[in-house]
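Quick notes on the structure that follows.
The numbers here are math on the coordinates, done by the rules we state, and not lab data. As the structure is a computational prediction, the values presented were derived from the model and not from experiment. Using ideal geometry, Cβ is built from the backbone for each residue, glycine included, and neighbour counts are taken over all protein chains shown.
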Amino acid sequence: MNSRQVGAIRRAVIYFVVGYGGLAVINNSGLAPERMWTAYLPLFVGVYFFARWADAKIGAIQNNGDDTNQSN
């Protein structure tokens, strides 16, 4: 698998885990069904940006580890 595929899969997994957790919290919050979009919209925007940020951090850590392994 090339690094682009790994990055895409990693982002999808982060998005799924964090998004599913957020949905569970919102769905159990007691909001009226017609008002849930006011919680869903910021949730998914936030999850998107968090997934991108977390993926960049994880990718940087893995790249640093790969660089140190190649120099030995």
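Please report the relative contact order for the chain, taking Cα pairs under 8 Å with a sequence separation of at least 6, and give it as a percent rounded to a whole number. Write out the running numbers ahead of the final one.
On the way: 21 pairs, mean separation 31.9, N = 72.
It rounds to 44 percent for the chain.
With runs of 4+ DSSP H residues as the only contributors, calculate the mean residue ellipticity of the chain at 222 nm using -39,500 (n - 2.57) per run, divided by the residue total and rounded to the nearest 500. Write down the numbers at each step before the final one.
Numbers: 2 runs with 60 residues, N = 72.
Computed mean residue ellipticity for the chain: -30000 deg cm²/dmol.
What does the highest-first list of 45-52, 3-10 look like by mean Cβ count within 10 Å? Don't jump to the answer; show the numbers that get you there.
Values: 45-52: 14.4, 3-10: 11.9.
Sorting 45-52, 3-10 by mean packing, highest first, produces 45-52, 3-10.
Mind pulling the angle between the C-alpha long axis of helix 3-27 and the longest principal axis of the chain? Nearest 10 degrees, somewhere in 0 to 90.
With both axes taken from Cα atoms, the answer is about 20 degrees.
Across all directions of projection, what mean area in square nanometres is found for the Cα convex hull of the chain? Working shown, then result.
Numbers: hull surface 22.4 nm².
Computing the convex hull of the Cα atoms and averaging its projections yields 5.6 nm².
Kindly express, to the nearest 10 degrees and within the range 0 to 90, the angle between helix 37-71's C-alpha long axis and the longest C-alpha principal axis of the chain.
Approximately 10 degrees, to the nearest ten.
Evaluate the charge dipole of the chain about its Cα centre and quote only its size in Debye, nearest 20, assuming +1 on the Cβ of each Lys and Arg and -1 on the Cβ of each Asp and Glu. Don't skip to the end; give the middle numbers.
Details: 6 positive and 4 negative charges, 21 e Å.
With only Lys, Arg, Asp and Glu charged at Cβ, the dipole is about 100 debye.
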